[in-house]
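Remarks on the structure that follows.
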Protein chains: 2
Amino acid sequence: MHDFESHIFASDNSLVLQSGEKLESYVLAYNTYGKLNRKKSNAILICHALTGDQHVANQHPVTHKPGWWEKIVGPGKAIDTQIYFVICINCLGGCQGSTGPASIDPATQRIYGLNFPIVTIADMVHAQCQLVNYLGIEKLLCVIGGSMGGMQVLQWAASYPERLRAAIPIATSSRHTPQNIAFHEVGRQAVIADNHWHAGRYQEYNVSPKKGLAVARMVAHVTYLSEDVLQEKFGRNLQERTDLTYGFDADFQIESYLRHQGVSFVDRFDANSYLYLTRAMDYFDLVKDFNCSLNAIFKQSQVKFCVISFTGDWLFPSSESKKIAHALAFSGVHVSFVEIDSEKGHDAFLLNEPEMFSVIKGFIVACEEKES
Amino acid sequence: MHDFESHIFASDNSLVLQSGEKLESYVLAYNTYGKLNRKKSNAILICHALTGDQHVANQHPVTHKPGWWEKIVGPGKAIDTQIYFVICINCLGGCQGSTGPASIDPATQRIYGLNFPIVTIADMVHAQCQLVNYLGIEKLLCVIGGSMGGMQVLQWAASYPERLRAAIPIATSSRHTPQNIAFHEVGRQAVIADNHWHAGRYQEYNVSPKKGLAVARMVAHVTYLSEDVLQEKFGRNLQERTDLTYGFDADFQIESYLRHQGVSFVDRFDANSYLYLTRAMDYFDLVKDFNCSLNAIFKQSQVKFCVISFTGDWLFPSSESKKIAHALAFSGVHVSFVEIDSEKGHDAFLLNEPEMFSVIKGFIVACEEKES
């Protein structure tokens, strides 16, 4: 647990979204750790993944669990909050204080529900940039994140190359693959199938599509783990019983584990937010958005990249990260590519991966020193 | 379309199940193709997969689609019905005429629902063996099947080695992996989450948990396809539109395809059967059941094996088939192992795979000739 501050940024400006729709007003909930130096040159923006939030290095107010990246962020950690000023923003469309589908629509004074406009990764990043402007930070030392957070890192480097020195996209892709879209679609349909969803207006009925959201979380969770880690961690071990029960109880540990993942998730996450954020990931496709090759998007960029992937990640496989690294190298951009040997699956970026920690630490220090 | 006969086998004997429970009576719906020869030496038993049935080479009575293995089974095909007598049995627990959870419980005269006992792969095979006895077939020329069908093939060879000459397990495993159990559990929870499921008593309410079953089918379907085939077949192509709609419609072809798979499945499949058959697969573990190594199970078996797998199958990866082939070879059993280079995923065994066709044809002929 470290000192941190929680803030709400209320934008004075409206935000024109990629869809053409406009958010007349919005707020972003964010946490900061450490102190911004006088030159405002030590700020690191951490972008969270699909089900993450701004509580990167403090106890979560709902779950009371440690921050999702406390292994990396804190005093003396790879991202040392005694040295750096760390910002983590609940993304637009999220459900931990930032404007999203559970917010009140100022036009109607009702909860948005599905009237909330679709937001994209680019929209999230544009909103984040307004907050960075507000903080008076001209140039972020680094933008870093994994999975959906990695998409935001790439978007930052593509949209605002002059606003960051270093970019560390981890376990991510420059466009969501059809397999990933497919798994997200299954999750969304599970939410929508829940009769408590009420076409997205569940709050007005004082219910919540918990069962559907739990199923969505379960299927997502399977994709976050590798076959190897499932084998090693659970195998066909039985859950607190000596033999099969010949029924539909959670006989196997893996079943019990997944049910727990599903049930505990619904207490901290809004079902409509899940729909919107998965949609934002599905829509992510830098090449389509910029209407040019990945090489061309980053051509001559002064941003220094460190692209990190994990061998056991089948959801965002190393091949996707390699494509990004190749395009960057081809475009004459400073890029390091680190493929970490880990059988933990996609979740590896959230877990104890000492090689990742040292790579991140070293890379940020190198980017910093060269500029000082 | 070929000549075929549809039958119902009603057992005179009760069936003691692996759980210890007993089915006092049961029926098996089965189709036959071709003619049993005088020596009764040309019978091939085809075991269907999770959502398959006995309609292996005739138009399906519900969907009106061709039989699920017409590419392989028929006059002049790899399994030539002018030469062989082909039997395909709707498995115990299924929903196309064999006794399952949608059948009437003779004890209560109500639909079984969750009062139907859990059946295992071994139970399915024991029931099939009663039917083979009834047909007066002492020795099947071959037992063949993919996925859950392949599990039945292995079970046949393990439980009744003297009753078959050749065994062709395709895209299968000697025990269901934790990843596979995990995906099945997600599917079951999707069914159970549907408020129309009514604790398995939906028929009494004149409803059906269609939404939940559709979600279960969708997640399963994603696992049947490889990343490569999804990329090649769908990529990020849009469905009948020129740009994103910024909403939750099926913008992407892969979404539209999956929704169709889900919706069309529920018209032909019983939700409780889906629970029972996935459970049977999860419980499958030859080594546990026989309480000895795979090597020991098949030691000195006279059955000739041809184990087939596909490189692009990540659900039942080649490594699982290799384990089986290695154990058989180690046990001094006649075994061929064929790994077919195919990027179609697990579904490859149902698709146009000429190498599989010729391997099956050649192997059966070889087994036949040697004995004649």
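For region A:162-319, the Cα gyration tensor yields ellipsoid semi-axes of 35, 23, 12 Å (square root of five times each eigenvalue, largest first, whole Å). Rounded to the nearest Hz, the phi-derived 3J(HN,Hα) couplings of region A:70-85 under the Karplus curve 6.51 cos²θ - 1.76 cosθ + 1.60 (θ = phi - 60°) are 5, 5, 10, 10, x, x, x, 7, 3, 9, 7, 6, 7, 10, 9, 9, where x marks glycine and proline.
Counting Lys and Arg as +1 and Asp and Glu as -1 over every other residue whose Cβ lies under 14 Å from the Cβ of residue A:292, the net charge comes to +1.
The reciprocal of the average 1/r between distinct C-alpha atoms defines the Kirkwood hydrodynamic radius, which for region B:186-228 equals 10.9 Å. For the residue pairs A:211/A:344; B:39/B:139; B:210/B:344; B:35/B:77; A:35/A:361, the alpha carbons lie more than 22 Å apart in A:211/A:344; B:210/B:344. Taking θ as phi - 60° and the Karplus parameters 6.51, -1.76 and 1.60, the scalar couplings of region A:314-321 work out to 9, 7, 10, x, 3, 4, 5, 5 Hz in sequence order, x denoting glycine and proline.
Once the Cβ-Cβ distance of residue A:261 and residue B:38 is raised to the sixth power relative to R0 = 51 Å, the FRET efficiency obtained is 0.30.
For chain A, compute Rh as the Kirkwood radius over C-alpha pairs and then the Stokes-Einstein diffusion coefficient at 10 °C and 1.306 mPa s; write the answer in µm²/s, rounded to an integer.
Details: Rh = 21.2 Å.
Stokes-Einstein gives a translational diffusion coefficient of 75 µm²/s.
Each copy carries a label point for residue B:139 at 7 Å from Cα along the beta-carbon vector; from one copy to the others these points are 8.3 nm apart, nearest first.
Label sites at residue B:288 and residue A:361, each approximated as a point 7 angstrom past Cα along Cα to Cβ, lie 4.3 nm apart. A DSSP coil position with no more than 14 other Cβ atoms inside 10 Å describes the following GluC sites (Glu not before Pro) in region B:228-303: B:240. Computed over the alpha-carbon atoms, region A:228-372 gives an Rg to Rh ratio of 1.09, Rh here being the Kirkwood radius from the mean inverse distance. Using the Karplus relation 6.51 cos²θ - 1.76 cosθ + 1.60 with θ = phi - 60°, the per-residue 3J(HN,Hα) values for region B:143-159 come to 10, 9, x, x, 6, 4, x, x, 4, 5, 4, 4, 5, 4, 5, 7, 8 Hz, with x marking Gly and Pro.
How long are the semi-axes of the equivalent ellipsoid of the protein assembly as shown, taking √(5λ) for every eigenvalue λ of the Cα gyration tensor, in whole Å from largest down? If you can, show how the numbers build up before the last one.
Numbers: eigenvalues 545, 149, 102 Å².
Three semi-axes, in Å: 52, 27, 23.
Counting protein heavy atoms only, the protein assembly as shown has 50 percent of its accessible area on carbon and sulfur, 1.4 angstrom probe. Annotation: amide H of residue B:340 within the under-5 Å range of B:309, B:310, B:311, sequence separation 5 or more or interchain, hydrogens built in the peptide plane. A Cα-only calculation for region A:51-104 places Rg and Dmax at 12.5, 40 Å. Note on region A:227-303: percent of Cα-Cα distances in each 10 Å bin, starting at 0 and stopping at the bin with the largest distance, equals 15, 23, 21, 20, 13, 7, 1. The three principal axes of the C-alpha atoms in region B:291-372 carry coordinate ranges of 35, 35, 15 Å, sorted with the longest axis first. Between the amide H of residue B:105 and those of B:110, B:111, B:112, distances stay under 5 Å, these residues lying 5 or more places away or on another chain, with hydrogens modeled in the peptide plane. Would you kindly state the longest site-free stretch of chain A, with sites defined as trypsin sites (Lys or Arg not before Pro) in a DSSP loop (not H, G, I, E, B) surrounded by at most 13 other Cβ atoms within 10 Å? Between the exposed loop sites, the longest stretch runs A:40-240.
In whole Å, how far is the Cα centre of region B:246-309 from that of region A:197-240? What the calculation gives is 20 Å, centre to centre. Here region A:158-241 has an Rg and Dmax of 18.6, 59 Å, counting Cα atoms alone. With the gyration tensor restricted to C-alpha atoms of region B:65-156, the semi-axes of the equivalent ellipsoid amount to 28, 15, 13 Å, longest first.
The values are calculated or read from the model by the stated rules, or taken from the named source; none is laboratory data. These figures come from a predicted structure and were not determined experimentally. Cβ atoms come from the backbone with ideal geometry, glycine included; neighbour counts cover every protein chain shown. Heavy atoms of the whole protein, side chains included, go into the accessibility calculation; ligands, DNA and RNA do not. Shrake-Rupley method; radii C 1.70, N 1.55, O 1.52, S 1.80 Å.
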